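As structure tokens, the structure follows; a few thoughts come after it.
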Amino acid sequence: FYPADSKRVAGLARVALKTHNREALREGLEQLSRLEADDPSARKKLASMALEDKDWEQVARYAAMTLHIDVSDVDAHAMLADALAALQKWRDAADEYRLMRQLRPNDRTVPLKLAKALREAGERDAAIETVKELLAKDPENNEARELLKQLESK
């Protein structure tokens, strides 16, 4: 009787997930995201599906929506940072990677991504400093050494 009931829509989305019907799942999750204003799970799943499809605009959209509900969601920050980098919004990507560096201090991939975003944003000195900090913690990081050579040769 109530086609917009969130429990009904969630049930249909679960069926779509179990039957591997991505289109029906996407539709159900989008409807759930409109019905459940304070539940980030549908938006986060939509962001991860868009990430699989490399639909960077949608990744950024749904990850940002997730963060509006739960600002501490580390995975949503990571998806947003990567989407912004893929969209070549370098300053915004650098801001997200800076935040990711605080949220995941032991993740050695984040400083490298940050340095690349800083380089592309025209912040060469900050990129060099970031790479040097990474190399101080991980001197065997060949990708970081190569990036440092590139940055210092310009």
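The values are calculated or read from the model by the stated rules, or taken from the named source; none is laboratory data. Bear in mind that the values here come from a model prediction, so they are computed numbers and not experimental data. Every residue, glycine among them, receives a Cβ derived from its backbone with ideal geometry; neighbour counts consider all protein chains shown. Only protein heavy atoms, including side chains, enter the accessible area calculation; ligands, DNA and RNA are left aside. Shrake-Rupley method; radii C 1.70, N 1.55, O 1.52, S 1.80 Å.
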Please find, among 10, 94, 42, the residue that is part of a helix (DSSP H, G or I) and within 23 Å of residue 134 (Cα to Cα). 94
Do we have any residue at all in the range 36-47 that's among the charged types (D, E, K, R) and within 30 Å of residue 124 (Cβ to Cβ)? no
Taking the range 21-36 as the search range and keeping residues that are farther than 10 Å from residue 65 by Cα and small (Gly, Ala, Ser), which one is least open to solvent (accessible area, probe 1.4 Å)? 28
Can you run down the residue pairs with Cβ atoms below 8 Å, 6 or more apart or on separate chains, where the first is in the range 46-64 and assigned to a helix (DSSP H, G or I) and the partner is open to solvent by less than 20 Å² (accessible area, probe 1.4 Å) and among the β-branched types (Val, Ile, Thr)? 47/59; 47/66; 50/59; 51/59
Of the listed residues (76, 50, 64), the one being touching a Ser or Thr at 6+ places or on another chain (Cβ under 7 Å) and of a type outside the set (Asp, Glu) is 76
Say we look at the range 46-61 and pick out the residues that are crowded, with 20+ Cβ neighbours inside 10 Å and closer than 21 Å to residue 6 by Cβ; which of these is modelled with the highest pLDDT? 47
Any chance the range 2-11 includes a residue that's of a type in the set (D, E, K, R), open to solvent by 60 Å² or more (accessible area, probe 1.4 Å) and within 24 Å of the chain's Cα centre (by Cα)? no
Identify, from the list 108, 43, 104, the residue that is at pLDDT below 95 and surrounded by 23 or more Cβ atoms within 10 Å (Cβ to Cβ). 43
The residue that is most open to solvent (accessible area, probe 1.4 Å), considering only those in the range 117-154 that are aliphatic (A, V, I, L, M) and over 23 Å from residue 86 (Cβ atoms), is 136
Suppose the filter is hydrophobic (A, V, I, L, M, F, W, C), touching a Phe, Trp or Tyr at 6+ places or on another chain (Cβ under 7 Å) and surrounded by fewer than 24 Cβ atoms within 10 Å (Cβ to Cβ); does residue 64 pass it? no
Among (1) at positive phi; (2) open to solvent by 70 Å² or more (accessible area, probe 1.4 Å), which single condition is residue 91 missing? (1)
